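These notes are about the structure you will find just below.
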Amino acid sequence: MRKWLVVLMAAVAIGATAILGWLYVGQDRKGPEITIADSKKDSYTADMTTEDLLEGVKAVDEKDGDVSDSLTVENVYLNEKGDEVTVVYVAKDKSNNVTKVTYHMTSDGVLPGSVISGDEASDKNSLNKSRSAKTNSDSEDSEDLQDGSDETSEEDSEEDAELTEEEKAQEREEAKIDKLNPQDPRFYLTTYYVEIAKGTQIDRLSYVKDIQDDKDASNELYRKIQITGNVDVNTPGTYELTYYVVDSNGNASNGAVLTIVVK
């Protein structure tokens with residue numbers, strides 16, 4: 001009798017394992033594919049809206065089909081030289097699988113903070129008219145304030161000039177983390193700017209410092225790390241790797257950008 005009971009329990013355990021394995025394999029764990037049209041505008045201007053940046057961008061999921069309505073612009077930032085803007089696109093399927101890609105656009109040095117939504121853009125002209133309608137006394141006051149702001153700008157410029165490229169990159173990435181929602185994971189790198197000699201091999205995961213989340217443990221998130229971008233260590237140039245994770249609730253972390261300069 002005991003022998004049959006053992007056999008029965010073993011059969012149940014094997015069956016349960018098989019079912020769980022089948023369910024796991026059948027889960028949708030692949031995020032949508034984000035594609036950018038070859039005809040998409042590749043130069044960034046100050047009057048660009050979010051809708052302008054999303055033009056020519058599409059997201060398609062193997063299971064859910066076209067999920068372009070989930071596309072968002074997570075971040076826009078200027079590179080160190082001020083001649084290129086990086087746009088970070090995010091898309092999500094119905095299973096909360098998230099995909100991020102970066103797109104580079106030439107720039108004339110305009111700060112990405114000027115990106116506005118379509119509704120905000122319609123108010124831009126009226127805002128400029130309001131500013132030009134100030135009285136003469138206001139103009140005089142503004143001149144006095146301008147003198148003070150010029151001095152402040154010069155001081156800020158001197159402080160920025162004293163910062164290394166690594167320190168500037170770290171400040172930029174920390175500012176991105178500060179803008180996250182409380183439930184979003186925080187992704188930290190050991191450094192955000194590194195220079196290497198031509199031919200030097202890199203261990204991409206060695207630059208991961210910490211991942212913090214309100215629910216998931218760091219070791220769990222570590223296994224979910226996604227890295228986009230490529231580095232040709234045999235060709236001198238500036239490259240970028242973007243690190244991010246998505247927690248068990250479908251919340252995406254900041255896209256931590258590591259700039260690698262191959263010399």
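What does the extension gain come out to for Arg204 and Asn230, with contour length at 0.36 nm per residue minus their alpha carbon separation? Don't skip to the answer; put the middle values down first.
Details: separation 26, 0.36 × 26 = 9.36 nm, distance 1.02 nm.
Residue separation times 0.36 nm, minus the Cα-Cα distance, leaves 8.3 nm.
Measuring r between the beta carbons of Ile177 and Asp42 and using R0 = 41 Å, the FRET efficiency lands at 0.90. The simple spin-label model puts a point 7 Å past each Cα toward its Cβ; for Glu195 and Asp108 those points are separated by 3.1 nm.
Computed from the Cβ-Cβ distance with R0 of 25 Å, the FRET efficiency linking Gln212 to Ser95 stands at 0.55. Remark: Ser68, Ser107, Ser253 ranked as Ser68, Ser107, Ser253, counting other beta-carbon atoms within 10 Å and listing the fewest first. Working note: Karplus 6.51/-1.76/1.60 with θ = phi - 60° gives region 101-108 the couplings 9, 10, 9, 9, 10, 5, 9, 9 Hz, where Gly and Pro are set to x. Taking each of Lys179/Lys224; Lys58/Lys168; Lys63/Lys224; Lys63/Lys179 in turn, the alpha-carbon distance tops 24 angstrom for Lys58/Lys168; Lys63/Lys179.
Only the coordinates and a few stated rules stand behind these numbers; no lab work does. Keep in mind that this is a model prediction, so the values were computed, not measured. Here Cβ is always computed from backbone atoms with ideal geometry, including for glycine, and neighbour counts include all displayed protein chains.
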